[in-house]
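Readers should treat all values here as calculations from the given coordinates under stated rules, not as data from a laboratory. Computed from a predicted model, the values in this text were never measured in an experiment. Here the Cβ positions follow ideal geometry from the backbone for every residue, glycine too, while neighbour counts run over all protein chains shown.
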């Protein structure tokens, strides 16, 4: 088992107190919030495209797909909260513990593709909204969306509750806009009821239905929710966990049902206004905006539509970039500076959006939105299968694994998702081969990728049952007697400080220090907890990172002491390049040993530097291992 696991969204992990809430409603309200951040992904501009296409082409007949997707989403999101609350891991971290390194890297790439597809929908939707409301050209609207990435940095620095309040306000704007649209459209309730009878009119309807599922049950939301529930500081007793799971399910039920109502309103609006008037090809958001005023007879209809679109795009982009951070840190155990992560996520989405606008024109953005949602749906199996395995694992879930009825329902949902996706892929490949002038290239390049994806799905499905001999890798290196050795040391240094960061460089640092000081010297192992919580609360922070880092320092100390070395440990909080010099200058050290960060130039910008800053702030020799 891995000894060190970086906590998801460490800057807000465990930042919301829940134990001090006495009354029932205040206690419930303390848990409400994470599902609202997740729910915005269920009503983003990508949903609008699939809902508009479904409503205008097939009337009310695909409402049942929305309802089915919502039920599936509620069950899967409840699994995510269970995983996060009970195990203390998000979905990406759990996958890193479970699967081999190569498989995890592929799963990471697929997760990033899903996030890019989601962010693509948000970029395009936001740009369309700006164009409709302010007549800003699509090209410049896409460029403007780069700036809203930094809004997330501002909000998250204000605390997770402030961000949740901002998202809830945007959701309220979306809901109010569509409530008024429904008032103007006056749909027939009896006809709407017929849409709850399952039917798939043709293959095009299947394509849109899968897009609706992809737009509703989003893979990045599974990673996001399993992390966000850990922002609540809760008691880890059985009664406490059971209560937290109940409150989180209530949070999910309210938020996702609200998302269902918004999606249903979009589809019903399209069916009432366009399908009934014989306009079966209104899949473009711009076309819908133009036609609302003449068909509904009010100038408010297009304004409300555009305003809701901007609110949906803005709210969704915040959660999408958070999911990107969770996936990168979870799968790769890699932390880069937050603003870089946000910018990279946004640029990955902006490039295809700009290329589409430049080469295919603004009219192609609607098809791009629908395609992005189908891509999301194709990624679902790679997130859902591991999730079901994890919440079924009795050892991981510590007595809170899902029961057999839920397990059967979960695998049925997974089978439906994978089967629909398989049919879509097969139909699309058959169509490409039929119309292509050179079908051999499809057989050579495209078909093997589809087969490889199918084999990967099979692998992640059966691996948990076959991994008896698989041993988890430790992220913190152990220090053994063979590595320490019996060394003859000079005695010029009597008191040596060693900066520890729990990476492979620790062995080099400690070995170098022992060679310089021998068994006569006194050693002090220094580690700085550099999470956002540590920056804000200092030594008062009581999160998992602090607890685990202290444990690893103590394990280093015990191992070295068992070999006759005199060792003390010091845990500091905040920025390493400030705290390490502060500790060293306050004590009577002869030497400071630091590990080389192993990168330069661009990587310094991404990861930050410590060595140079520390070297200039201390008055003793610095040895860089």
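So for each of 588-594, 322-328, 351-357, 99-105 I average, over its residues, the number of other beta carbons within 10 Å; can you give me the resulting order with the highest mean first?
322-328, 588-594, 351-357, 99-105
With R₀ set to 51 Å, the beta-carbon distance separating residue 585 from residue 428 gives a calculated FRET efficiency near 0.20.
Using a Förster distance of 60 angstrom, determine the FRET efficiency expected from the C-beta separation of residue 200 and residue 494, and round it to 0.05. Walk me through the intermediate numbers first.
Working: r = 79 Å, r/R0 = 1.32.
For R0 = 60 Å, the calculated efficiency reads 0.15.
Give the residues of segment 494-522 whose amide nitrogen is closer than 14 Å to a point set 7 Å from the Cα of residue 333 in the direction of its Cβ. Under cut-off, by backbone N: 501-507.
Placing pseudo-labels 7 Å out from each Cα toward the beta carbon at residue 354 and residue 279 gives an inter-label distance of 3.3 nm. Annotation for residue 555 and residue 140: the two label points, set 7 Å from Cα along the Cα-Cβ direction, are 5.7 nm apart.
For the pair residue 442 and residue 109, a Förster radius of 25 Å applied to the C-beta separation gives a FRET efficiency near 0.70, rounded to the nearest 0.05. Ranked by the mean number of other Cβ atoms within 10 Å of their residues, highest first, the peptides 394-406, 177-189, 60-72 fall in the order 60-72, 177-189, 394-406.
Listed peptides 441-448, 516-523 appear in the order 516-523, 441-448 once ranked by packing, highest mean of other Cβ atoms within 10 Å at the front. Projected onto their three principal axes, the Cα atoms of segment 219-282 cover extents of 59, 20, 13 Å, largest first. Between segment 75-123 and segment 217-279, what is the C-alpha centre distance in whole Å? Each part reduced to its Cα centre gives a spacing of 17 Å.
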